[in-house]
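Shown next, in structure tokens, is the structure this report addresses.
The values are calculated or read from the model by the stated rules, or taken from the named source; none is laboratory data. If you're wondering where the values come from, they're calculated on a predicted model, not measured in any experiment. Neighbour counts are summed over all protein chains in view; Cβ atoms, including those assigned to glycine, are modelled from backbone coordinates with ideal geometry. What goes into the accessible areas is simple: the full protein's heavy atoms, side chains included, and nothing from ligands, DNA or RNA. Shrake-Rupley method; radii C 1.70, N 1.55, O 1.52, S 1.80 Å.
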Amino acid sequence: MQALTNPSPRGVIERYRTHLPVTAGTPVVSLGEGSTPLIPCPRLSAAVGRGCEVFVKYEGLNPTCSFKDRGMTVAVSKAVEQGTAAVICASTGNTSASAAAYAARAGIRCAVVLPAGKIASGKLVQAFAYGARVVAIDGNFDDALRIVRELGARPEFAIVNSINPDRIAGQKSAAFEIVEELGDAPDLHLLPVGNAGNITAYWAGYREFHREKRAVTLPVMLGFQAAGSAPIYHDRIIAAPETIASAIRIGHPASWTGARQAIEQSHGAIDIVADDEILAAQQWLASREGIFVEPASAASIAGLFKCCEPGRAPRYGFDGVKEGSRIVCTVTGHGLKDPDAVGFDLAATVQPNADNVLRAIGF
Ligand code: F0G
């Protein structure tokens, strides 16, 4: 029998090897991440109006259903190269799911430190399924990251939070893909902000392709925090952050400076969206465009709606959505990650006959 071959190798490291901190000797730990669809959204474009074209970068279609896999393939590959016995992370859920999967793939151990009772059920299931050692603390994400920084100083652990530059390097790949697909950078790029690694990574990716003349323009970067968890927006640490969007329930982001630089250099903004706006945007995107994302991801869509409302556009250098803009919203995680947050009404139970069913569905 012929050996099985992979006709089209996928994965962030193989696709962007020359832009990443890897060598020919780096073992590649990959699950075929990246190359996610950039979905044109006609209804969203119509809602924005002004002749704008809106695309959604659907990161929920990565192997563990969030954007974290782009950075994790690089971070875990480098950890294996350096002979690390275990990876460790703090997480609001997605980083831990991704770290656990890539550690399993690499055959090394994974420890995750999580805020007790604050992790969406789908993400928690993933960490256990991939065989991570999960420790819940009576504290929030910021406490968990403090502990992980302390433990990560020990030689047996590699930290795979976005304070590890290999994570940011891998996450730049999403910006590369967008430039390759659009033929240039978009005019506006919107994304949710939690620990602020992703906005830092996108901006680094756009600048890199711009320097290499693979993009003529640079986008305006707009980051959205949940109103109850908005340290960068308010410019102060939030001791007890709160939001339904548990992935971005963070009061002291590690990449605060990176986020600030991204918005200042791109003449963008950090703004806030309320939990009810996030849930409404989540439902809008699922029911009008067929794209189901977790609440944190919908912050970018809620943010886009906010930008289009007269008088509500963010402050700083940004002065509104211009006519004919090409706009990309990153939606960071799949909707099935967090089934409990979904505010959709389930159909009522009826007696089993066709008439009742017809009446119930309103036809
Ligand atoms: N969206 C989702 C679905 C996330 O899981 C996160 C972060 C973000 C947005 C924000 O990205 O931190 O780079 O600004 N989740 C981390 C975690 C904190 O532990 O999974 P960021």
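Could you tell me how many of the residues in the stretch 218-252 are touching a strand residue (DSSP E or B) at 6+ places or on another chain (Cβ under 6 Å) and either open to solvent by less than 40 Å² (accessible area, probe 1.4 Å) or assigned to a loop (DSSP other than H, G, I, E, B) (or both)? Steps first, answer last, please.
Of the residues in the stretch 218-252, the ones touching a strand residue (DSSP E or B) at 6+ places or on another chain (Cβ under 6 Å) are 219-225, 227, 230, 232-233, 243, 245, 248.
Filter once more, keeping what is either open to solvent by less than 40 Å² (accessible area, probe 1.4 Å) or assigned to a loop (DSSP other than H, G, I, E, B) (or both): 219-225, 227, 230, 232, 243, 245, 248.
Matching residues across the stretch 218-252 total 13.
Based on this model, can you work out whether Ile199 counts as under 19 Å from Thr36 (Cβ atoms), within 12 Å of the ligand (Cβ to nearest atom) and not acidic (Asp, Glu)? Walk me through it before giving the result.
Working: under 19 Å from Thr36 (Cβ atoms): yes; within 12 Å of the ligand (Cβ to nearest atom): yes; not acidic (Asp, Glu): yes.
Yes.
Of Ala116, Ala215, Ala153, all but one fail to be open to solvent by less than 40 Å² (accessible area, probe 1.4 Å) and of a type outside the set (Ser, Thr, Tyr); the exception is Ala215. Selection of first residues in the stretch 255-278 that are farther than 10 Å from Ile232 by Cβ and open to solvent by 30 Å² or more (accessible area, probe 1.4 Å) and of second residues that are in a loop (DSSP other than H, G, I, E, B) and polar (S, T, N, Q), restricted to Cβ pairs under 6 Å at least 6 apart or on distinct chains, gives the following pairs, ordered by first then second residue: Asp275/Thr243. Every residue in the stretch 151-189 that is within 16 Å of the ligand (Cβ to nearest atom) and in a loop (DSSP other than H, G, I, E, B), please. Hits for the stretch 151-189 are Gly152, Val160, Asn161, Ser162, Ile163, Asn164, Lys172.
Where residues in the stretch 103-113 are under 18 Å from Arg146 (Cα atoms) and not β-branched (Val, Ile, Thr), which of them is most open to solvent (accessible area, probe 1.4 Å)?
Only one residue tops the list, namely Ala111.
Checked against the criteria, Glu289 counts as open to solvent by 10 Å² or more (accessible area, probe 1.4 Å), in contact with a Cys (Cβ under 8 Å, 6 or more places away or on another chain) and either more than 23 Å from Ile163 (Cβ to Cβ) or within 14 Å of the ligand (Cβ to nearest atom) (or both).
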